1. Tell me, which strands (runs of 3 or more DSSP E) lie completely within the stretch A:5-81 with 1 or more residues that are more than 14 Å from every other protein chain (Cβ to nearest Cβ), more than 12 Å from the chain's Cα centre (by Cα) and under 19 Å from B:ASN97 (Cα atoms)?
2. Could you grab me the full set of residues in the stretch A:13-59 that are of a type in the set (A, V, I, L, M, F, W, C), open to solvent by less than 50 Å² (accessible area, probe 1.4 Å) and over 30 Å from B:ALA84 (Cβ atoms)?
3. Starting from residues that are touching a Lys or Arg at 6+ places or on another chain (Cβ under 7 Å) and within 14 Å of A:TRP34 (Cα to Cα), keep the ones in the stretch A:82-103 and report whichever is farthest from the other protein chains (Cβ to nearest Cβ).
4. How many of the residues in the stretch B:89-108 are at pLDDT 95 or above and either surrounded by fewer than 17 Cβ atoms within 10 Å (Cβ to Cβ) or not aliphatic (A, V, I, L, M) (or both)?
5. Please go through the stretch B:30-51 and pick out each residue that is exposed (fewer than 13 other Cβ atoms within 10 Å of the Cβ) and either out of contact with any Leu (no Cβ under 9 Å at 6 or more places or on another chain) or aliphatic (A, V, I, L, M) (or both).
6. Just give me the residues in the stretch B:1-14 being open to solvent by less than 40 Å² (accessible area, probe 1.4 Å) and either outside any loop (DSSP other than H, G, I, E, B) or away from chain A (no Cβ under 14 Å) (or both), in sequence order.
7. Which pairs do you get when a residue that is touching a residue at least 24 places away in the same chain (Cβ under 8 Å), found in the stretch B:2-15, comes within reach of a residue that is open to solvent by 90 Å² or more (accessible area, probe 1.4 Å) and in a loop (DSSP other than H, G, I, E, B), reach meaning Cβ atoms under 6 angstrom, with the pair 6+ apart or on two chains?
8. Can you tell me which residue in the stretch B:65-88 is surrounded by the most Cβ atoms within 10 Å (Cβ to Cβ), limited to those that are more than 10 Å from every other protein chain (Cβ to nearest Cβ) and touching a His at 6+ places or on another chain (Cβ under 9 Å)?
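The values are calculated or read from the model by the stated rules, or taken from the named source; none is laboratory data. All values reported here derive from a predicted model rather than from experimental measurement. So basically every Cβ, Gly included, is an ideal-geometry build from the backbone, and we count neighbours across all protein chains shown. Surface areas here come from the heavy atoms of the whole protein model, side chains and all, with no ligands, DNA or RNA. Shrake-Rupley method; radii C 1.70, N 1.55, O 1.52, S 1.80 Å.
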Amino acid sequence: DTEVTQTPKHLVMGMTNKKSLKCEQHMGHRAMYWYKQKAKKPPELMFVYSYEKLSINESVPSRFSPECPNSSLLNLHLHALQPEDSALYLCASSQDWWGYTFGSGTRLTVV
Amino acid sequence: DAKTTQPTSMDCAEGRAANLPCNHSTISGNEYVYWYRQIHSQGPQYIIHGLKNNETNEMASLIITEDRKSSTLILPHATLRDTAVYYCIVRVRSQGNLIFGKGTKLSVKP
């Protein structure tokens, strides 16, 4: 298995809702990442997990809460989001010097 | 990580070689050049990386100048499916995170 799987592919949520994005990989990669991508912009790094520990939080608002339950899973918990948080959320994993493997993303719309 | 400069957009005729340039004049000795591409509405895809020697794989070739201040990604026979945004990224291998610049939007035309 050489893929990163993200669910759901699309999500519409209200500003008072709580939802979670999920990411899974079975390549044995020990680093996992969340990126946010607005339309016509490059992906922006949000969080980095290394060996299941959060190593980098790029000044992301607390309404985004990451979780790494085990080495294969990465979640992003969402609460009280704003319309400007609507974006494509990408998950990636990597191991050592090799390139990153990205999922296809979750397209989030906050209404 | 060193910064990179790429043209905003390029066109290429189908079947011809696409040559995408990247400037990285502040690259340091232990930094590698990585190329990724992102086809519309998909996640970025790894293409190739190199340190100072030219590299080739089934997708593309990477030519790095002798002073390592610039590089060129070559898609030898571009197809319509190669239409994408191509990102050149410089980072220390096994360290540093993948930070994307603005990239080059390549349009392959029939």
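1. In the stretch A:5-81, the matching strands (runs of 3 or more DSSP E) lie at A:53-57.
2. none
3. A:ALA87
4. Adding up the residues that qualify gives 4.
5. B:HIS40 - this is the single residue of the stretch B:30-51 that is exposed (fewer than 13 other Cβ atoms within 10 Å of the Cβ) and either out of contact with any Leu (no Cβ under 9 Å at 6 or more places or on another chain) or aliphatic (A, V, I, L, M) (or both).
6. B:ALA2, B:CYS12
7. As it stands, the answer is B:ALA2/B:THR26; B:GLU14/B:PRO110; B:GLY15/B:HIS77, since those pairs meet every condition given.
8. The selected residue is B:CYS88.
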